[in-house]
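Report on one structure; see the data block that follows.
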Amino acid sequence: MVQDKTSLPPVPGRDPAPDAASDAVSDAAAPAEDASDAAPEPEAVDETSPKGGGVAGKGEGRWVLAARLVAAIAGGALLYTAFPPLDWWLCAPLGIGLITGSLYRARPRRAAWLGYLAAAVFLFPTLAWVRTIGDDVWLMLVATESVFYAVMAALAALVFRLRLWPLWFGTLWVAMEWARSLVPIGGFPWARVAFSQGESLFTPYAALGGAPLVSFAVTLSGALLAHAVLVRPSTALRRAVPAALALAVPVLTLALPRPGDEGRSVNVGIVQGNVPGRGMNPLGDEPAVVLRNHAEETKRLADAVRAGRLPKPDLVVLPENSTDIDPYTSAFARGVIDESVKYVGVPTLVGAVVAIGEEQRATRSLVWDPATGPGAYYDKQHLVPFGEYTPFKEIVLALWERANLVGRQSVPGTKPGDLKLGPVTIGAVNCYEVAYDDTVRGTVRAGGTPLVVQTNNASYALSNLPPQQLAMSKLRAVEHNRAVVTAATTGISAFVTPDGKVSWQTRELVPDMNVVTVPVRTQETIATKVGELPEWALMVMGAAAVGVAVRRGRRRGDRMGNDS
């Protein structure tokens, strides 16, 4: 039986040894990172010996393994605190630094389960809002998403033996977030590291490369901090370099130029009507309550304007599902909406779920003119699986009775949300899809300014979902140099300036309204222009690093085979 051999803790003056002399992915050919560059990398120590400090048959020393476990758990917990509602953004690079430390020089298999553990500790509280649907759904979602982190960690174990490994680790993190934003069933991009940086020193990177570049910058900074602790070169100057670079990554954003005001603005009325129900039945049992709530709040806004308490709006925005009855098929709903829009006297964006044929539906942002009634519309493109449609319908309906709550199956829209609304062409984005880079970018490229996010968070009121969604809006504002107006049924409704600052927001579970003066920007950021290019460039770099590490590991294995 071959004994498992892993690395010892870092030894001052040199890099730690590889996990094992026979490790197929060790980087013997890579130059050392410390002052002993000319010396060959030391062979692995058999930790079953007293010198290795291990226990026969146990592989890695128990104290090293314990340290890895503590670092993985602490790193995942610290990363969670960077996200809303806590918003301790600096904890993101610190948490990633600890996760990096837990993986450093571990074998790929061990790194995989350490990565899974760190992800689970991070995702369980971050995605606690899913518990509204059910603890089983929450558990399955976290279990599935953690697999992506496990795969990333196993690949990271390969690149830790290359020079500049903090850089390659950052690229692998970007690739992991890309993959889980794509699969399964449309992906789940929530809880990306970038979304913990709605308002931080890292945020301006969004204007250069979007959310992927922000995630990369945070991860790189955290990995550099880990490098400063784990790798001990012979000189104090060389030891200070990684720490200095870790600080430089966020500080450099202070030198980035920011787009200026273009001298144009529009007055936008925002209405939050509230809903009677909670949890999985947010619209309540009595029909038309949600419709009347938003119609009455729209009239209240108009009365405040007439009384001089608010400026006159150029347009009004209502939330997703601001009517719980289809205005195309119900004369009553159509009459209520038309009356309130005529009363406020300006074009209004209404959120409705409308029938498509006999069996399908669409989540729609509908322009309602006070003179001509319903007109142009945008249908939500990224739908919520198990919320707006049911994947693997026959199997899921047989296993979970709750899946029947979906009712009619939604169909996705195919066009971006550029809608002419009063004096501007807004960029309509619907709730869940603010997390998707391509949807928001496509709407901006189509001419949408300002961005308008209609959302229905009623099922998740007072959870950590509404503040997380607001953080995404803050990042999108900077990414595309666009103001973002959010209208939510129960909150958080808000106005975010193009530099990512929240200028006004509501409390949750209360009716509210306001008129805000929103700057209209047309200048595109680099991120808007280049689109997915930075993300793909980073992912290609990560894939290339893994390829180099594997090739060098094979060469080392071949040499050892020849020597024997």
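The values are calculated or read from the model by the stated rules, or taken from the named source; none is laboratory data. Computed from a predicted structure; not experimentally measured. Here Cβ is always computed from backbone atoms with ideal geometry, including for glycine, and neighbour counts include all displayed protein chains. Surface accessibility is based on the protein's heavy atoms, side chains included, excluding ligands, DNA and RNA. Shrake-Rupley method; radii C 1.70, N 1.55, O 1.52, S 1.80 Å.
Numbers for the structure displayed
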| read-out | value |
| --- | --- |
| Local net charge near residue 119, Cβ-Cβ under 13 Å (Lys/Arg +1, Asp/Glu -1) | 0 |
| Förster radius 30 Å - calculated FRET efficiency between residue 237 and residue 540 (Cβ-Cβ, nearest 0.05) | 0.35 |
| Under 11 Å, Cβ to Cβ, from residue 500 - net charge with Lys/Arg +1 and Asp/Glu -1 | +2 |
| FRET efficiency, 1/(1 + (r/R0)^6) with R0 22 Å, evaluated for residue 296 and residue 517 via beta carbons | 0.35 |
| Exposure ranking of 70, 289 by accessible area [1.4 Å probe, largest first] | 70, 289 |
| Contour minus Cα-Cα distance for residue 326 and residue 526 (0.36 nm per residue) | 68.0 nm |
| Residue-normalised accessible area of segment 478-564, expressed per residue, 1.4 Å probe, Å² | 44 |
| For segment 433-564, the Rg and Dmax computed from alpha carbons only, in angstrom | 22.2, 79 |
| Accessible carbon and sulfur surface of segment 486-547 relative to its total accessible area, %, 1.4 Å | 59 |
| Surface share of carbon and sulfur [accessible, 1.4 angstrom probe, percent] for segment 323-384 | 52 |
| Alpha carbon centroid spacing (whole Å) that separates segment 283-324 from segment 495-540 | 24 |
| Rh (Kirkwood; distinct C-alpha pairs) - segment 199-260, Å | 12.5 |
| Spin-label model distance (nm) - residue 372 vs residue 248, 7 Å beyond Cα toward Cβ | 5.7 |
| List 305, 453, ordered by accessible area with a 1.4 Å probe, largest first | 305, 453 |
| Above-threshold pairs, the threshold being 26 Å between Cα atoms, out of 299/420; 342/501; 380/529; 312/529 | 342/501; 312/529 |
| Segment 72-188 - Rg and Dmax from Cα coordinates, angstrom | 14.0, 46 |
| Rounded to the nearest 10 Å², the accessible area of residue 342 at probe 1.4 Å | 110 |
| Theoretical FRET efficiency, 1/(1+(r/R0)^6), r = Cβ-Cβ of residue 445 and residue 66, R0 60 Å, to 0.05 | 0.75 |
| Distance between modelled label sites at residue 355 and residue 312, nm, 7 Å Cα→Cβ extension | 4.0 |
